[in-house]
Every structure is written in structure tokens, then in C-alpha cells.
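Peer 1: Let me give you the structure first, and then I'll get to my questions.
The values are calculated or read from the model by the stated rules, or taken from the named source; none is laboratory data. This is a predicted model, so every value here is computed, not measured. Reconstructed Cβ throughout: ideal geometry from the backbone, glycine too, with neighbour counts over all protein chains shown.
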Amino acid sequence: MTRKLPWPDIDTVFLDMDGTLLDLHFDNHFWQEHVPLRWAEKHGVSVDEAKRSLFPRFRSVEGTIDWYCVDYWSRELDLDIAALKREVAHLIQVHPQVAEVLQILAASERRVALLTNAHEKVVELKMAHTGLAKHFDHLICSHAFGVPKEDPRFWPALAERDPFNPDRTLFVDDSLPVLRAARDFGIRHLRAVRMPDTRGTPKETGEFIAIERFDDLLRGLAGPEAPQ
């Protein structure tokens, strides 16, 4: 069973989007299958040839802000990436229990913010599709800071622009490099996600406590709707 969080000691909750709130299957399918398909059609090659060409290009910028940037990949691939995402928007799915947990957190009067590396255009698409935006006090995109969450420069920049107490903050993410950067900055309460892609395999979460279900977060939170 997931260890209970010390909720009386938590004022701020930062939640990642892709893989944490939303099923990562959408993003995995989009970049591994849909983009190669459309690129292959554009260049008159097979999908396998497209993958051999594209995947090294993807990996070459992994961990940088360009990796997450719709505009960057639109220029690089000469494809309208935002439009291609809309083509498969029906695959966007919210993880089980997410909406219910967000409602309970909001009722607890804690500050709850989305904290994502996704481009603003992607956040807009996914919030429109899921209706989750209403549960957040803020929607924060790392693109506003010019570096992704796994970059050690991100966290001081966020704290300067949008002050919070790291010692009283919970951050949930499915990326180990991101969680490590948050830990190194001093975020005290951290949780990883065991199944970011429901069609994939359970993820090894290293030194971080993992949640198996999203409502695992609520264990220890006082209130009639919270699991104990």
C-alpha cells in the first residue's frame, strides 16, 4: 500500500499532466505511430523508413524544451503538429479517479496547479477535451521559462515567478529526471506514477514512492470522501 502523505504539512500541490493525470498512451501513439505515418505519406516512404529517420531526431533533443515544443517540430518536420494531434484527440483519456481527486483537493482549500512540459497549444487541446482546467488554480507550462522541468534552472525560476514553500509542496510526476530535479531543488513530498501508459508495462520508479492508483494520493487526507 502507498505510504500516506502528511497532508497537514502540505499547502501546495503540483501535478504533471501527461502520464500523471492523462494516459500517456495518447502521446506514445502520437509520436511513435501517427507522426511517422503522416511523415511517410508526405515523403512517399514506408512507415518503417519514416521511423528510422525520425526516431534519432527525436532522441537528439530529448530533455530539452525543443523536445516538447509543437512549434519546433512543426518547423523541423514541415508538418502541422497541432493539427495532427487534433486528428487523434479521441485517444486523449483521463486516468481513473483523477477528476474525483482534484475535486477533493480543491475542497481542501490547498493550492492545486498543473505543472507540465507540454506546449501551451497541447495544454489547450487536452484541457478542452477533458474539462480538467476548472479544477486548477493555475496552469503552468515550462515553455514560459524556456527550460523543461528536468532542467535544474526551472525550479528556481518557477519559485521566483510564482512563490511556494518547497518544504510544504507535493509534486507528482511520471518522469524520474523531473522528480530528481524537483528533489534537488528541495521539494519535500514527491510521488511517482507506476502506470503512466495504461497499455504499457508498470514503470520502475527508482528511489521514489509510487502511486498505483491516483486516489492513493488521498490516503491520510482528512474528510468524509478521502480514503484512509
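Peer 1: Working only within region 160-212, note down all residues that are hydrophobic (A, V, I, L, M, F, W, C) and closer than 12 Å to Phe14 by Cα.
Peer 2: Filtering region 160-212 down to residues hydrophobic (A, V, I, L, M, F, W, C) leaves 164, 170-172, 176, 178-179, 181-182, 185, 187, 190, 192-193, 195, 208-211.
Hits for region 160-212 are Phe164, Leu170, Phe171, Val172, Leu179, Ala182, Ile187, Leu190.
Peer 1: Note down all Cβ pairs under 8 Å where the first residue falls in region 188-212 and is within 16 Å of Asp16 (Cα to Cα) and aromatic (Phe, Trp, Tyr), the second is at pLDDT 95 or above and part of a strand (DSSP E or B), and they're at least six residues apart or on different chains.
Peer 2: Phe208/Leu190; Phe208/Arg191; Phe208/Ala192
Peer 1: Could you name every one of the strands (runs of 3 or more DSSP E) located completely within region 74-191 that has at least 3 residues being surrounded by fewer than 19 Cβ atoms within 10 Å (Cβ to Cβ), aliphatic (A, V, I, L, M) and at pLDDT 95 or above? Walk me through how you get there before you give the answer.
Peer 2: Working: elements: 111-116, 138-141, 169-172.
Counting at least 3 such residues, we get no strands (runs of 3 or more DSSP E) at all.
Peer 1: I want to confirm something. Restricting to region 31-71 and keeping residues that are among the hydroxyl-bearing types (Ser, Thr, Tyr) and within 25 Å of Asp197 (Cα to Cα), which single residue is surrounded by the most Cβ atoms within 10 Å (Cβ to Cβ)? Write out each step before concluding.
Peer 2: Let us first name the residues in region 31-71 that are among the hydroxyl-bearing types (Ser, Thr, Tyr), namely 46, 53, 60, 64, 68.
Narrowing the set further to residues that are within 25 Å of Asp197 (Cα to Cα) leaves 53, 60, 64, 68.
Working: Ser53: 15, Ser60: 10, Thr64: 14, Tyr68: 22.
In this case the residue turns out to be Tyr68.
Peer 1: Hey, among Ile92, Ile104, which residue is farther than 24 Å from Trp155 by Cβ and in contact with a strand residue (DSSP E or B) (Cβ under 9 Å, 6 or more places away or on another chain)?
Peer 2: Step by step, each of Ile92, Ile104 is checked, and only Ile92 is farther than 24 Å from Trp155 by Cβ and in contact with a strand residue (DSSP E or B) (Cβ under 9 Å, 6 or more places away or on another chain).
Peer 1: Turning to a different aspect of this structure: Return the total of residues in region 8-55 being under 22 Å from the mean Cα position of the chain (by Cα), touching a residue at least 40 places away in the same chain (Cβ under 8 Å) and not in a loop (DSSP other than H, G, I, E, B).
Peer 2: Of the residues in region 8-55, the ones under 22 Å from the mean Cα position of the chain (by Cα) are 10-35, 55.
Subsequent filtering for residues that are touching a residue at least 40 places away in the same chain (Cβ under 8 Å) retains 10-26, 28-30, 34-35.
Subset that is not in a loop (DSSP other than H, G, I, E, B): 12-15, 18, 22, 25-26, 28-30, 34-35.
The number of residues fulfilling the criteria is 13.
Peer 1: Suppose the filter is assigned by TED's automatic domain parsing to the domain that holds Glu150 and over 23 Å from Val94 (Cβ atoms); does Ala181 pass it? It would help to see each step written out before you state the result.
Peer 2: Details: assigned by TED's automatic domain parsing to the domain that holds Glu150: yes; over 23 Å from Val94 (Cβ atoms): yes.
Spelling it out, Ala181 is indeed assigned by TED's automatic domain parsing to the domain that holds Glu150 and over 23 Å from Val94 (Cβ atoms).
Peer 1: Could you check region 56-78 and list, in sequence order, the residues that are touching a Phe, Trp or Tyr at 6+ places or on another chain (Cβ under 7 Å) and either of a type outside the set (A, V, I, L, M) or in contact (Cβ under 8 Å) with a residue 24 or more places away in the chain (or both)?
Peer 2: At the first step, the residues of region 56-78 found to be touching a Phe, Trp or Tyr at 6+ places or on another chain (Cβ under 7 Å) are 58, 61, 66, 77.
The answer is Phe58, Asp66, Leu77.
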